[in-house]
Amino acid sequence: MNVPAPRGSDAYRRIYSVVSRIPRGRVATYGQVAVLAGLAGRARLVGYALHALPEGSGLPWHRVINARGEVSERSDGGPAGRVQRILLAQERVRFDAAGRVALERFRWRPSRLSVDA
DNA sequence: TCGCTGACCCAGG
DNA sequence: CCCTGGGCCAGCG
């Protein structure tokens with residue numbers, strides 16, 4: 001797939017690779033993506049990588065949420081967060097009254113845990 | 001090269 | 001549940 005690779009950052013490439021594998025109707029947390037990308041403990045980097053993602057990348061960036069099951073708020077107050085909820089809802093990912101996704105039910109559980117594809 | 005600046009996470013209190 | 005503190009680190013002036 002056309003996975004964008006800004007500035008030849010190996011870490012970013014690995015992160016995008018993992019995100020591209022999250023199936024429809026499922027979600028993964030930032031920390032989970034980090035671990036699957038071989039970057040355990042660097043959840044923040046996942047957030048930075050997604051933030052740097054250009055529009056129309058084709059990556060299912062909206063399937064990445066935080067460990068509390070919420071869509072992380074953008075500091076710039078942009079529409080990205082709202083869009084993310086809509087996209088997830090269209091995939092039948094449900095939010096409870098508190099705006100949280102039940103991770104025990106919607107979390108992606110990849111059969112293969114290695115970094116490569 | 002230095003110094004911000006973040007779509008995070010977890011353990012504590 | 002809320003708040004604090006510490007760990008994480010690439011990109012761009």
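Quick notes on this structure:
- Top of A:Ala102, A:Ala52, A:Ala34 by mean-square fluctuation, Gaussian network on chain A, Cα under 10 Å: A:Ala52
- In terms of other Cβ atoms within 10 Å, A:Tyr48, A:Tyr16, A:Tyr30 run from fewest to most in the order A:Tyr48, A:Tyr30, A:Tyr16.
- Under a Gaussian network description of chain A, with springs only between Cα atoms under 10 Å, the residue in A:Pro23, A:Pro60, A:Pro79 that fluctuates furthest is A:Pro79.
- Long-range amide H partners of A:Val27 with built H, under 5 Å: A:Arg107, A:Trp108
- Given R0 = 22 Å, the distance between the Cβ atoms of A:Ala80 and A:Ser20 translates into a calculated FRET efficiency of 0.75.
- Contact order relative to length of chain A, as percent, for alpha carbon pairs under 8 angstrom and 6 or more apart: 29
- Separation of the A:Ala102 and A:Ala52 label points, Cα + 7 Å toward Cβ, nm: 3.7
Taken together, the values in this text are just the output of simple stated rules run on the coordinates, not laboratory data. Treat the numbers as computed from the prediction; the structure is a model and nothing was measured. Note: ideal-geometry Cβ built from the backbone for every residue, glycine included; neighbour counts use all protein chains shown.
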